[in-house]
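These notes are about the structure you will find just below.
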Amino acid sequence: MATEEPMAVGAEAPMQGEAMQGEAPAAQASEESAVHDFLVILEEHRKNCEAQGKYVEAEIAKNRLEELRQHEFSRRKEALRSRQIAERLGVEEAHMLEFQQFNAAWDKKFEDYEHKAAELEEKMRERHQGEVMEFQAKVAEQMQNARPKFSKELLNIRRIQETLAKQKEYAEAHKTKMKADLMEAEEMERFRETQSTKNLSRERQYLGKQQQEISALRKRIQTGRDELKKQRQMELERLLQRYQNVKNELESQQNIERLRAEKYLMKTLFPQTSSVR
């Protein structure tokens with residue numbers, strides 16, 4: 001309940017402001033009517049004094065009329081100027097509010113875009129990590145099951161070893177076997193080194209393809225980012241142009257209004273001077 005009271009007070013403020021704004025033109029019209037009526041009465045008094053030969057009083061009335069007319073002319077001119085300033089300030093405030101809303105909306109749009117871009121990149125990294133682990137497990141299994149193609153020399157020594165064993169020449173067979181085992185170990189080591197080199201090369205190529213994929217994603221993200229920036233700039237230019245158009249139109253209307261008002265005031269407050277012109 002405590003949070004509702006400020007809202008209620010805040011809601012009354014615009015209504016009070018509108019009421020005061022509504023009262024101002026009525027009060028101004030009433031004041032202008034009273035001044036007009038007084039000027040009419042004073043002008044009739046001047047004419048009566050002139051007709052009756054009361055020239056001193058007529059002179060006083062004439063000077064008072066001139067003074068009142070000048071004062072009313074200045075007052076109305078200043079009132080118009082103040083109102084037009086308020087109108088321009090209103091346009092400026094509306095533009096500033098629209099500009100703030102524009103920036104807030106675009107900040108949110110960029111924030112959402114960057115969040116989505118980060119999500120896409122993170123998902124791709126996670127997928128790549130899983131693919132690399134799967135690739136490495138597959139390579140390890142292939143390495144475990146791989147068997148080298150031994151040299152003809154080693155195969156020939158193994159045949160000699162078997163022949164010597166069948167001939168029961170075990171001492172010679174043992175020597176031959178030792179030689180063959182050493183040669184097989186050397187060939188197996190070379191095979192494993194070769195396979196390891198090939199697998200490292202395959203893994204580098206695989207990682208390179210992944211890097212190309214993430215680079216392509218980043219390029220697409222940057223392209224989208226640039227497009228957003230371009231779109232924001234275009235909309236900002238349209239917003240500023242609309243403001244400039246409204247401002248120019250208001251200034252033009254106010255200039256016309258000011259000229260008409262001055263012409264009307266000269267006609268109503270200084271009828272003799274305006275008729276001479």
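Quick notes
- Cα-based reach from Lys209 at 28 Å (exclusive), listing lysines while leaving out same-chain residues under 8 positions away: Lys116, Lys123, Lys138, Lys198, Lys219
- Summarising the overall dimensions of segment 112-153 from its C-alpha atoms, the Rg and Dmax are 19.5, 69 angstrom.
- Computing FRET efficiency as 1/(1 + (r/R0)^6) for Met133 and Met183, where r is the C-beta to C-beta distance and R0 is 45 Å, gives about 0.75.
- Shape call, segment 17-276: gyration tensor on alpha carbons, a/c limit 1.5: prolate
- Legend: calculated FRET efficiency, Phe38 to Glu257, from the Cβ-Cβ distance at R0 = 35 Å, rounded to 0.05, equals 0.85.
- Computed FRET value (nearest 0.05) for Arg218 with Val91, which takes r as the C-beta separation and R₀ as 51 Å: 0.70
Each reported figure results from applying straightforward, stated rules to the coordinates on display, with no laboratory input. Since the model is a prediction, treat every value here as computed from it, not as a measurement. Note that we place each Cβ from the backbone using ideal geometry, even for glycine, and neighbour counts take in every protein chain shown.
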